[in-house]
Amino acid sequence: MRRSGFSLLLFVLLATSASGAEPSAEVAVARCLTAAEKDGTDPHRCTFIYADACVDRAEDPSTVGQVACYEREAAVWDAKLNELYRKLMAGMSAEKTTRLRESERSWIEARKQTCSFYSVFYEGGTMALPMAAACNTRQTSERVLFLKGFADEVGQDPH
């Protein structure tokens with residue numbers, strides 16, 4: 001009986017958050033990318049589509065709350081990145097997959113170095129954490145859009 005009461009409470013909480021006015025990060029990014037493709041507009045506008053609204057709502061205006069907003073959106077972009085990477089790796093020649101793997105490793109290190117510079121610049125102050133989280137989101141979304149161009153062509157390349 002206790003377990004079913006907990007399950008009902010969990011269901012109500014999930015349903016309430018799912019039906020709230022603001023879409024989840026996944027939904028917000030997906031809608032934006034679909035609209036950009038349909039309208040022929042720049043998909044870069046989709047970067048921060050969720051995180052900015054989340055920060056503006058200021059449900060948790062703390063540094064931790066701001067970072068959480070950026071991290072939720074970054075997780076969506078990261079999942080898209082992994083999906084595109086798998087598609088590319090499965091659809092290209094051995095030479096191309098080797099180069100892509102090397103490129104991804106280099107990009108991951110460059111993103112890490114780029115975004116960690118905020119901590120150096122702001123000397124570890126409170127501004128460093130949300131700026132680094134936003135950097136990670138931005139860098140990951142840009143990589144998704146970069147790889148998407150190649151993924152769209154996989155299978156069409158005669159070489």
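Of everything in region 57-101 that is modelled with pLDDT of 95 or more, of a type in the set (Ser, Thr, Tyr) and touching a helix residue (DSSP H, G or I) at 6+ places or on another chain (Cβ under 8 Å), the residue that is farthest from THR47 (Cα to Cα) is THR97. Tallying residues that are farther than 15 Å from GLY149 by Cα and surrounded by 16 or more Cβ atoms within 10 Å (Cβ to Cβ) within region 28-51 yields 10. Would you mind stating whether THR137 is over 30 Å from VAL64 (Cβ atoms) and either among the basic types (Lys, Arg) or touching a helix residue (DSSP H, G or I) at 6+ places or on another chain (Cβ under 6 Å) (or both)? Considered against the rule, which asks whether it is over 30 Å from VAL64 (Cβ atoms) and either among the basic types (Lys, Arg) or touching a helix residue (DSSP H, G or I) at 6+ places or on another chain (Cβ under 6 Å) (or both), THR137 comes out as no.
For region 39-68, the set of residues classified as touching a residue at least 40 places away in the same chain (Cβ under 8 Å) and within 11 Å of the chain's Cα centre (by Cα) consists of CYS46, THR47, PHE48, ALA51, listed by residue number.
Taking residues in region 82-94 that are more than 14 Å from GLY149 (Cβ to Cβ) and surrounded by fewer than 16 Cβ atoms within 10 Å (Cβ to Cβ), and partners anywhere that are of a type in the set (S, T, N, Q) and at pLDDT 95 or above, the pairs with Cβ atoms closer than 6 Å and at least 6 places apart or on different chains are MET89/THR97. Taken over region 69-97, the residue count meeting the criterion of being over 16 Å from ALA134 (Cβ atoms) and under 18 Å from the mean Cα position of the chain (by Cα) is 9.
Before we move on, is ASP56 in a helix (DSSP H, G or I) and acidic (Asp, Glu)? Full working, then the answer.
On the way: in a helix (DSSP H, G or I): yes; acidic (Asp, Glu): yes.
Against the criterion (in a helix (DSSP H, G or I) and acidic (Asp, Glu)), ASP56 qualifies.
Among the residues of region 128-156, count how many are assigned to a loop (DSSP other than H, G, I, E, B) and either farther than 19 Å from GLU83 by Cβ or among the polar types (S, T, N, Q) (or both). If you could, list the steps in order and put the result at the bottom.
Of region 128-156, the ones assigned to a loop (DSSP other than H, G, I, E, B) are 154-156.
With either farther than 19 Å from GLU83 by Cβ or among the polar types (S, T, N, Q) (or both) added as a condition, the list becomes 156.
Here the count works out to 1.
If we keep just the residues of region 132-159 that are among the aliphatic types (A, V, I, L, M) and over 15 Å from the mean Cα position of the chain (by Cα), which is surrounded by the most Cβ atoms within 10 Å (Cβ to Cβ)? Filtering region 132-159 for residues that are among the aliphatic types (A, V, I, L, M) and over 15 Å from the mean Cα position of the chain (by Cα), the one surrounded by the most Cβ atoms within 10 Å (Cβ to Cβ) comes out as ALA151. If you go through region 111-127 and pick out every residue that is in a helix (DSSP H, G or I) and without any contact (Cβ under 8 Å) to a residue 24 or more places away in the chain, you end up with 8.
The values are calculated or read from the model by the stated rules, or taken from the named source; none is laboratory data. None of these values were measured; they are calculated from a predicted model. All Cβ positions, even for glycine, are placed from backbone atoms using ideal geometry, and neighbour counts span all protein chains on display.
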